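**Student:** Below is one structure. I have some questions about it.
Rule-based calculations on the coordinates, nothing more; no lab input. Every value quoted in this text rests on a predicted model; they were computed, and no experiment measured them. Cβ: placed from backbone, ideal geometry, glycine included. Neighbour counts: every protein chain shown.
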Amino acid sequence: MKTIRILLFTTTILVSRAVFAQDEGLGPLITDRPDATESPSTIPVGYIQVETGSFYESFEDNNVKFESFTYNTTLVRLGLLDNLEFRLGWDFVENKITNQEDVLSGLNPVLFGAKLAIAEEKNGWPEMGLLGHIYLPFLAGTDYKPETTGVDFRFSFAHTLSDRSSLSYNLGMAWGDDSPEASYVYTLAYGFAITDKFGFYAELYGDLPENSRDNHLWDAGLTYLLSDNVQLDATVGSSITEGQDILLSGGISFRLPTKK
């Protein structure tokens, strides 16, 4: 974990030097991390946004502890049109079980996707977007390679509550992990700007598989804007149902022009 912190700190310095002086008049970047709720906003044309970080999860059952380390979870977003972005994502995961020598590690299936901004917030109606992804099994490590392609989609909504607060939520479905059953996905997140730099959020999220038990979780965290183009984040969370005792996460997001 020390290596991760050093890498994150070094990346922050390099990115900050590259974009701190930029003033594109775009306002602060809007990210799809650290929470599970995806924003309805898309990346401006001519810009690329990288959202990356790491997280740790653990769960103990009958004195057996399951630990998951995600050393690199990265989402790259590229503005294609005024209301359309391309999305590419990957993460490197390591799973351990107490008192067992076998360790699973490698890339999860790489995701390709797009987000479409459908409507702006107006007359009490929320800002609305639609996004979807496919997860390609042949672009995955051996330990995490499914036999079938995963698919998900969700509608994203956002309401402005005040000058400093907002409410966002997602509704969608997912098919993955070689399972034929659909899983209904939901998220609900409240965000509050403590200052112009510091932000706070709290969130409920989960999934409801057709033939399996439901999963409901919560998380909360802080964001900090180093500039309009660089944001740091930190998160803590756990599950309401069984499955996750603790979630710890930290990351950085930055926006760059694709052309000078």
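**Student:** For the chain, how big is the tail of P(r) above 25 Å, as a whole percent of Cα pairs? Could you put the intermediate results ahead of the total?
**Tutor:** Values: 15512 of 33670 pairs.
Value for the chain (Cα pairs over 25 Å): 46 percent.
**Student:** May I ask you to evaluate 6.51 cos²θ - 1.76 cosθ + 1.60, the Karplus curve with θ = phi - 60°, for each residue of region 110-115 and list the ³J(HN,Hα) values in order in whole Hz, giving x for glycine and proline?
**Tutor:** In residue order, the calculated couplings are 5, 9, 10, x, 8, 10 Hz.
**Student:** Show me, for region 58-71, the HN-Hα J-couplings you get by feeding each phi into the Karplus relation (A = 6.51, B = -1.76, C = 1.60, θ = phi - 60°), rounded to Hz, glycine and proline as x.
**Tutor:** Each residue's phi maps through the Karplus curve to give 8, 8, 10, 9, 6, 6, 10, 9, 9, 10, 10, 10, 9, 7 Hz.
**Student:** Over the chain, calculate the relative contact order: mean separation of alpha carbon pairs under 8 Å at least 6 apart, over the residue count, as a percent.
**Tutor:** On the way: 695 pairs, mean separation 49.5, N = 260.
It comes to 19 percent, rounded to a whole number.
**Student:** Okay, next question. Return the FRET efficiency for the residue pair Ile97, Asn123: r is the Cβ-Cβ distance, R0 is 35 Å, and the value is rounded to the nearest 0.05.
**Tutor:** On the way: r = 53 Å, r/R0 = 1.52.
Calculated value: 0.10.
**Student:** Hey, got the Cα dimensions of region 195-260 along the principal axes, in Å, largest first?
**Tutor:** That gives 52, 28, 16 Å along the principal axes, largest extent first.
**Student:** Pull out a ≥ b ≥ c, the square roots of the eigenvalues of the alpha-carbon gyration tensor of region 19-90, then state rounded if a/c is under 1.5, prolate if not and a/b is larger than b/c, and oblate in the remaining case.
**Tutor:** Values: a/c = 3.15, a/b = 2.56, b/c = 1.23.
Note, shape of region 19-90 comes out prolate.
**Student:** Could you state the number of Å between the C-alpha centres of region 179-214 and region 33-72?
**Tutor:** 12 Å
**Student:** For every helix of n ≥ 4 consecutive DSSP H residues, a contribution of -39,500 (n - 2.57) applies; sum these over the chain, divide by its total residues, and give [θ] at 222 nm rounded to the nearest 500 deg cm²/dmol. Walk me through the numbers before you get to the answer.
**Tutor:** Values: 1 runs with 18 residues, N = 260.
Result for the chain, helices only: -2500 deg cm²/dmol.
**Student:** Let me ask you something else. What longest region of the chain stays clear of GluC sites (Glu not before Pro) that DSSP places outside H, G, I, E and B and that have at most 15 other Cβ atoms within 10 Å? Each step should come with its number before you reach the end.
**Tutor:** Numbers: sites that count: Glu24, Glu101, Glu120, Glu121, Glu147, Glu181, Glu210, Glu242.
Segment 25-100 is the longest.
**Student:** Contour minus end-to-end for Asn63 and Glu181, with contour as 0.36 nm per residue of separation and end-to-end as the Cα-Cα distance? The partial results should precede the final answer.
**Tutor:** On the way: separation 118, 0.36 × 118 = 42.48 nm, distance 3.07 nm.
This chain segment gains 39.4 nm when fully extended.
**Student:** If you don't mind, another one. Please identify which residues in region 164-198 have an amide N closer than 17 Å to a label point set 7 Å out from the Cα of Asn211, following the Cα→Cβ vector.
**Tutor:** 174-184
**Student:** Sticking with this one: Which three extents, in angstrom, do the Cα atoms of region 58-107 have along their principal axes, listed largest first?
**Tutor:** Cα extents, longest axis first: 52, 19, 10 Å.
**Student:** What is the spin-label model distance, in nm, from Thr149 to Phe86 if the labels are put 7 Å beyond Cα along the C-beta direction?
**Tutor:** It works out to 1.7 nm between the two label points.
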